[in-house]
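The values are calculated or read from the model by the stated rules, or taken from the named source; none is laboratory data. Since the model is a prediction, treat every value here as computed from it, not as a measurement. Cβ atoms come from the backbone with ideal geometry, glycine included; neighbour counts cover every protein chain shown. Heavy atoms of the whole protein, side chains included, go into the accessibility calculation; ligands, DNA and RNA do not. Shrake-Rupley method; radii C 1.70, N 1.55, O 1.52, S 1.80 Å.
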Amino acid sequence: MRPTWVHPPPGRDLSPVPPHGWPRVALLSLSDLGGAQEFAAALAARGTRLLASGGTARHLRAAGLGVTDVADWTGVPELLGGRVKTLHPSIHAPILARRDQAGDMATLRERGLDPIDLVAVSLYPFETRAAALDEPAAIEEIDVGGVALLRAAAKNFAGVIVVHDPSQYPAVLLGLERGVTPAERRDWAAAAFARTAGYDAAIASELSRRGGEALPPVIVEAFERVRGLRYGENPHQRAALYERAGRGAGLDARREVRELSFNNLLDVEAAAGLAYRWADTPACVIVKHTQPCGAARAATLAAAWDAALETDPQSAFGGIVAFNRALDSATAARMAGVFLECVVAPGYDAGAIAVLEVRRNLRLVTLAPGDARPPGGLEVRRVGPWALAQRDAGDAAPDWRCVTRRAPQAAELGALRFAWDVVAVARSNAIAIARGTELLGLGSGQTSRVDAVDVAILKARRAGHELGGASLASDAFLPFPDNVDHAAAAGITAIVQPGGSVKDAEVIAACDGHGIAMLVTGRREFRH
């Protein structure tokens, strides 16, 4: 039975023929309706007929646009409560027909079908909604028809323009105005396939999570290029920043006088990752080559900046600074005398922007607390041809246990907890020395733990810090008592470390001999 068509019927277009290169028919099936009316109006103004599914059709009609419903195009109403709308030969044949194959085009004409030259689909937002829903509701957030449309249009990119995100509308319209190139069609198709790959990966990960599987049997990741970089790790290496397809870029460089480099990004992640750990009080972290060379918590951001800078003013030169609060003008003014590459914060007030915008080459990066964390808590690291996937087990951290005759005093305990937060993000072997909530010295990336102790002491003393009564944290166990001896000689009175060395008894005895209080965490914090 032939379907019943809404004017103008396929194959008998009574409207003006679109200019060369503009779509004869555009299909829109959109979950994200942002910019849809303007995009559709621009197409319709050039004679493109609009074909849309239920909610999208209603949205476009609200703007006064003439739209053909998918149900009228196919002659079949939506089925199964909307689960089946666009899964129909009268939709997919006009998309998949090869424009240069006479047989394909003849088949369309025999069936009264006009080619669909543009497909715009934004998928159900499974990634953002599913985790908060029960399983039946989460399943309904899985888009089937939209993925099929994107794949069909992307497969036939030689004849069909495929659009998977509203952010592409301006580029597509610009391309249509001047003539879309084959390279653009291919790029948009690749982006659409990346979107569907990322979408499927998110679904697989969520279903695995619900099944109690901490590490999925297969990890599928699709990345889209979101920005250029000045270079990679070195100036002779070309590089770009990619993000998981469909997630949207979380990194906003408000003032980018030059592109961020890969090294900048590593430091941004390291600085923000530590600063945002401390949600309850204002904090500042200064990072150089991924290592904290300044860290402090205080009553105000300005006080936190002052204390963090005092950690190691020499290393702070050319560093990256992160704040866990919106940056205010008073704090920005105190930063005026220090050369910095980037400032990272969840926001900036107008006064801070005015102060910092006069700084040559300083980038202001806005990063929300959650945007620097791996999605779903699953960290994936490439190691040659392999990949390591890991996540925290989710069990509660062991209670810290005092193993020495003397227990730490309240001030020492506070400093130990602060130092532990710092050493947990530093590169192993790592030692952090702190007083109160201020970092005094960090020894990291050393091949010997006693060397890490010595470097932390050296850095602290070079910056003029008095170490008497300071506290020390080690990211892994102290293998020999020489670590304790060196710390005691510098005046350190409290230590926290994971414990577990075969020489724990000797290490503890050394602490007791020096009157040092020692806690063990029962958990190692290596970072390589």
Which members of the range 242-263 meet the condition of being in contact with a helix residue (DSSP H, G or I) (Cβ under 7 Å, 6 or more places away or on another chain) and at pLDDT 70 or above? Arg244
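Quick grid of which residues meet (1) farther than 20 Å from His289 by Cβ; (2) in a helix (DSSP H, G or I); (3) modelled with pLDDT of 95 or more; (4) out of contact with any Asp or Glu (no Cβ under 9 Å at 6 or more places or on another chain):
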residue: Thr404; (1), (2), (3), (4): yes, no, yes, no
residue: Pro408; (1), (2), (3), (4): yes, no, yes, yes
residue: Trp420; (1), (2), (3), (4): yes, yes, yes, no
residue: Leu439; (1), (2), (3), (4): no, no, yes, no
residue: Gln446; (1), (2), (3), (4): no, no, no, no
residue: Asp454; (1), (2), (3), (4): no, yes, yes, yes
Any idea how many residues of the range 340-356 are buried (at least 22 other Cβ atoms within 10 Å of the Cβ) and not in a strand (DSSP E or B)? 2
Subset of the range 482-510, residues of a type outside the set (Gly, Ala, Ser), more than 15 Å from Trp400 (Cβ to Cβ) and buried (at least 21 other Cβ atoms within 10 Å of the Cβ), comes to Asn483, Val484, Ile492, Thr493, Val507
Kindly provide the set of residues from the range 474-504 that are in contact with a Ser or Thr (Cβ under 9 Å, 6 or more places away or on another chain) and either part of a strand (DSSP E or B) or free of Cβ contacts under 8 Å to residues at least 24 places away in the same chain (or both), ordered by number. Ala494, Ile495, Val496, Gln497
Flagged in the range 357-393 as within 30 Å of Arg129 (Cβ to Cβ), open to solvent by less than 70 Å² (accessible area, probe 1.4 Å), part of a loop (DSSP other than H, G, I, E, B) and of a type outside the set (A, V, I, L, M, F, W, C), in numbering order, are Pro374
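Identify all residues within the range 178-195 that are without any contact (Cβ under 8 Å) to a residue 60 or more places away in the chain, assigned to a helix (DSSP H, G or I) and not small (Gly, Ala, Ser); write none if there are none. If you could, list the steps in order and put the result at the bottom.
In the first step, residues of the range 178-195 are kept if they are without any contact (Cβ under 8 Å) to a residue 60 or more places away in the chain; the result is 178, 181-194.
From what is left, the residues that are assigned to a helix (DSSP H, G or I) are 178, 182-194.
Answer for the range 178-195, where residues must be without any contact (Cβ under 8 Å) to a residue 60 or more places away in the chain, assigned to a helix (DSSP H, G or I) and not small (Gly, Ala, Ser): Arg178, Pro182, Glu184, Arg185, Arg186, Asp187, Trp188, Phe193.
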Among the candidates Leu113, Leu65, Leu28, Leu43, which residue alone is under 26 Å from Ala171 (Cβ atoms), part of a loop (DSSP other than H, G, I, E, B) and open to solvent by less than 40 Å² (accessible area, probe 1.4 Å)? Leu65
Give all pairs with beta carbons closer than 7 Å in which a residue from the range 505-518 that is over 19 Å from Gly468 (Cβ atoms) meets a residue that is in a helix (DSSP H, G or I); count only pairs at least 6 apart in sequence or on separate chains. Val507/Val484
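For every residue, the table says whether it meets (1) more than 34 Å from the chain's Cα centre (by Cα); (2) closer than 24 Å to Gln409 by Cα.
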{"residue": "Leu440", "(1), (2)": "no, yes"}
{"residue": "Ser444", "(1), (2)": "no, no"}
{"residue": "Thr447", "(1), (2)": "no, no"}
{"residue": "Val455", "(1), (2)": "no, no"}
{"residue": "Ala488", "(1), (2)": "yes, yes"}
{"residue": "Gly500", "(1), (2)": "yes, yes"}
{"residue": "Ala509", "(1), (2)": "yes, yes"}
{"residue": "Gly513", "(1), (2)": "yes, yes"}
{"residue": "Ala517", "(1), (2)": "yes, yes"}
Could you tell me which numbered condition Ala407 fails, if it satisfies all but one of (1) more than 25 Å from the chain's Cα centre (by Cα); (2) surrounded by 14 or more Cβ atoms within 10 Å (Cβ to Cβ)? (2)
Of the residues that make up the range 118-140, is at least one assigned to a loop (DSSP other than H, G, I, E, B), free of Cβ contacts under 8 Å to residues at least 40 places away in the same chain and open to solvent by 70 Å² or more (accessible area, probe 1.4 Å)? yes
Take Val84 and decide whether it is β-branched (Val, Ile, Thr), at pLDDT 90 or above and touching a Gly at 6+ places or on another chain (Cβ under 8 Å). no
When Ala393 is evaluated against the numbered criteria (1) of a type outside the set (Ser, Thr, Tyr); (2) over 27 Å from Ala296 (Cα atoms); (3) in contact with a Gly (Cβ under 7 Å, 6 or more places away or on another chain), which criterion, by number, is the only one it fails? (3)
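One line per residue, one yes/no per condition, for (1) closer than 19 Å to Gly146 by Cβ; (2) open to solvent by 40 Å² or more (accessible area, probe 1.4 Å):
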| site | (1), (2) |
| --- | --- |
| Arg195 | yes, no |
| Asp200 | yes, yes |
| Ala204 | yes, yes |
| Ile219 | no, yes |
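Matching residues to (1) open to solvent by 10 Å² or more (accessible area, probe 1.4 Å); (2) in a strand (DSSP E or B); (3) touching a Phe, Trp or Tyr at 6+ places or on another chain (Cβ under 9 Å):
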site: Leu274; (1), (2), (3): no, no, no
site: Ile286; (1), (2), (3): no, yes, yes
site: Ala303; (1), (2), (3): yes, no, no
site: Ala322; (1), (2), (3): no, yes, yes
